[in-house]
Amino acid sequence: MIRCKGKIYKLDTPNTTLLIGLNEKSAEYLYYGKRLSVGGDYEIFRSLREYENVQLKLVSSFGEGESHRSGVACQFSDGSYTTRFVFTRAKITEKPDLAPLPSSYACAGEKKSSKTLCLEFVDEPTKVKLFLYYTVFEDSDVIAVSSRLYNGGKKDVHVKNLPSLQLEVWGGGFEFTTFRGEWANERNKISTPVTGGAVLVNESRIGSSSHAANPFVMLQKAGSVYAFNLVYSGNHKESAEKIITGKTRVMVGMNDFMFDKKLGYGESFCSPEAVMCYAPSVDAASLAMQRFVGKHIIREKWQEKERPILINNWEATYFDFNREKILQIADTAAELGVEMFVLDDGWFGHRDEDNSSLGDWFDYEKKTGGIAALAESVRERGLKFGIWVEPEMISEDSELYRKHPEYAMKIPGREPFRIRNQLMLNLADSNVQKYLVRVISAVIAETKAAYVKWDFNRTMTDCFSKEFFGGEYFHEYVKGLYTVMSKLTERFPSVLFEGCAAGGGRFDLGVLCYMPQIWASDNTDARCRVNIQRGTSYGYPASAISCHVSASPNHQTGNAAALETRFNVSACGGFGYEMDLSKLSETERETVKAQIEFFKKYRKTFQFGDLYRLGNLGEDPNAELGGFMYVNASKTQAVATVILENFKVSRKRFAIAFKGLDAATMYEVSYRKQSNYADEPQKFTVSGETLINGEIPVDLLGDVAPERMANGMFTRCLIFKKAVQRAKKN
Ligand code: GLA
């Protein structure tokens, strides 16, 4: 809800309040924190002086006399860069449509209750206007923020930087938490103190949101956590800086790296949308973000739609498959209860290795025996059919390249840089966009695919277009990508699209607006996945995180892990198997069958429950216990995986606190029957309060069997059900 009292706008979410005060020439943040509902005496927050950098600023630019990194940057035709944006008016408006950029939305029934505050500023001499938009949703603690520059002057303006959001809060002592990584090692949580004298920057400059620096970040100290994300899949930048006047500044937006956008008279430039929330703890901020993504980013149709359990043939066969092999895997998969077969890389052109055929999205008939017939045969076995594509790429050895070399992203006169033997397509070109919509539509129509895995396996290097220069190219590429994605997802509303980028290299809210789930990482080792999924869960809901059980020893790391351990870690969101199921032993088949039955039984909780992190494993190098816990919305059912790493013979007791349960409810707690444990411990009934606050012993040891020791990990899966018995008050 947004209300205006005098010269103060009050933006309320269920648990937070953001106060924005209007002054004669400026607007300032007065308060952002726990919801205020009693007093109206908010004038007390207002700065006593205007324009002396003692305000919590919504916007900063060069020319305001401060020595800190400022946000908005424009260059004018006389060569000058100075702007001083003066506040002119505020109004409550519709949420701005940023198309072709995607943004958060309110479901049909909730449109009326979402409200947007628009603040207008002007740089008087140049007549450049700046608009800031703050949208609140009735049911979410997350606020969506975007900005727009409008050239109201006669001369061209070059936009050099336009953050989506600037937030300032009083005080220091914060840590800036980022989720950094690399291929096969994504989203490690790293917290760095925000001290004076250094700007902390989390950014991508490679054209996509990247494995290296996820756009989800937090500014945190005990009792105050601010979480941020950006609805964007390209170069982004989030920074935190302690400012001498006693405040901390965060800026979130697309990266200004090489950026330059010319605006003629009457033209506007919109930033992508940023989102932010305040919460008193990291877990609360994480929950607010997860729920927001589930409800306001992932499109309505997919919000609570159960995702199929799939088998993907990549790690089973790589490029080496034929019709018989695929159907052999599909046969076993169907027997075991799997619901969808996904045919990965290698089914098109003449692709037997990663050095050809990208762009030739037509059947490699010799290998598939006819892709349409193969898809049909898969369906006859009771499985849905899904297919892999990597639309944004082109191999030089392809019919497409021979016919349309101009579609490739290349700089005339310069040998292109190749990654995985491939070049990228120039998606900033509308002809390429149209071509992609046409060919990918044809693939879906021919195979009647129910699912499409959309891969992206390299970074941008040879950016070039005659129309768009420097950093503007990166942005135009991303806009082109969204144009293609929106056309395809509109044309095929019942197809489940899954994002992928050499694993989790483009795990962001932009992709999630079109594709409700994303492959978290090419690393399927359970031990490594604990960290990767843990890091991902801070900003993203379980339903968005795709996880597969793969072979042991693991293909990426060589580590072995028990089949039950691999399941316990992978049982999350977009769940499936990625191994040659036809090679399983009889006992393993029984195990997988039971796992699938179990996942189906608790699927809603695994996919749409609140996802909590247990213990500290994966973050604290000294931690030995960790895990995940999924709790349904009514808190009547939960499932937890408890993980012990680095087993030591001398340790006999393992105890952990659970999360997310209702303190006043009694829960019946049981263990999932695991094939690698002979006896299952007894059930017990205990209150949510005890489970949350106590250290509950978990039976992680039986007699030591080799497969339990594999990878040095023990995992146990526990089920919590609301008991009939009521909790007693002492
Ligand atoms: C990427 C993906 C994998 C697989 C391969 C196929 O690495 O992340 O899952 O699809 O491409 O080439």
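The values are calculated or read from the model by the stated rules, or taken from the named source; none is laboratory data. These numbers were taken from a predicted model, which means no experiment stands behind them. Cβ coordinates were reconstructed from backbone atoms using ideal geometry, including for glycine residues, and neighbour counts include every protein chain displayed. Each accessible area value is taken on the protein alone, full model and side chains, heavy atoms only, with ligands, DNA and RNA left out. Shrake-Rupley method; radii C 1.70, N 1.55, O 1.52, S 1.80 Å.
Listed by first and then second residue, the pairs with beta-carbon distance under 6 Å, at least 6 apart or on different chains, first residue in region 110-125 and assigned by TED's automatic domain parsing to the domain that holds Gln166, second open to solvent by 20 Å² or more (accessible area, probe 1.4 Å) and of a type in the set (Lys, Arg), are Thr116/Lys95; Cys118/Lys91; Glu120/Arg89; Val122/Lys129. Tell me, yes or no, whether region 63-84 has at least one residue that is β-branched (Val, Ile, Thr) and under 35 Å from the mean Cα position of the chain (by Cα). Looking for residues that are β-branched (Val, Ile, Thr) and under 35 Å from the mean Cα position of the chain (by Cα), one finds at least one in region 63-84, hence yes. The sole residue among Glu476, Glu472, Glu498, Glu467 that is within 21 Å of Val437 (Cα to Cα), outside the structural domain of Arg205 (by TED's automatic domain parsing) and more than 16 Å from the ligand (Cβ to nearest atom) is Glu476. Somewhere in region 442-455, is a residue hydrophobic (A, V, I, L, M, F, W, C), under 24 Å from Tyr473 (Cα atoms), touching a residue at least 24 places away in the same chain (Cβ under 8 Å) and within 16 Å of the ligand (Cβ to nearest atom)? Yes: one or more hits.
Within the set Gly63, Gly40, the sole residue that is out of contact with any helix residue (DSSP H, G or I) (no Cβ under 9 Å at 6 or more places or on another chain) and open to solvent by less than 40 Å² (accessible area, probe 1.4 Å) turns out to be Gly63. Scanning region 406-430 for residues that are without any contact (Cβ under 8 Å) to a residue 24 or more places away in the chain and touching a strand residue (DSSP E or B) at 6+ places or on another chain (Cβ under 9 Å) turns up just one, Ala408.
Evaluate the following for Met460: is it away from the ligand (no atom under 16 Å from the Cβ) and more than 25 Å from Phe575 (Cα to Cα)? Answer is yes for this residue. Of all residues in region 557-594, those that are assigned to a helix (DSSP H, G or I), surrounded by fewer than 24 Cβ atoms within 10 Å (Cβ to Cβ) and not hydrophobic (A, V, I, L, M, F, W, C) total 9. Whether any residue in region 511-521 is within 12 Å of the ligand (Cβ to nearest atom), open to solvent by less than 10 Å² (accessible area, probe 1.4 Å) and not hydrophobic (A, V, I, L, M, F, W, C) is what I want to check. Looking for residues that are within 12 Å of the ligand (Cβ to nearest atom), open to solvent by less than 10 Å² (accessible area, probe 1.4 Å) and not hydrophobic (A, V, I, L, M, F, W, C), one finds at least one in region 511-521, hence yes.
Take the residues in region 337-362 that are out of contact with any Ser or Thr (no Cβ under 9 Å at 6 or more places or on another chain) and open to solvent by less than 10 Å² (accessible area, probe 1.4 Å), then tell me which one is nearest to the ligand (Cβ to nearest atom). Restricting to residues being out of contact with any Ser or Thr (no Cβ under 9 Å at 6 or more places or on another chain) and open to solvent by less than 10 Å² (accessible area, probe 1.4 Å), the top hit is Asp345. Here region 380-389 is the region considered, the condition is being under 20 Å from Gly346 (Cα atoms) and open to solvent by less than 60 Å² (accessible area, probe 1.4 Å), and the residue that is nearest to the ligand (Cβ to nearest atom) is Trp388.
Taking region 329-367 as the region of interest, how many residues are closer than 14 Å to Val389 by Cβ and polar (S, T, N, Q)? Summing the residues that are closer than 14 Å to Val389 by Cβ and polar (S, T, N, Q) in region 329-367 gives 1.
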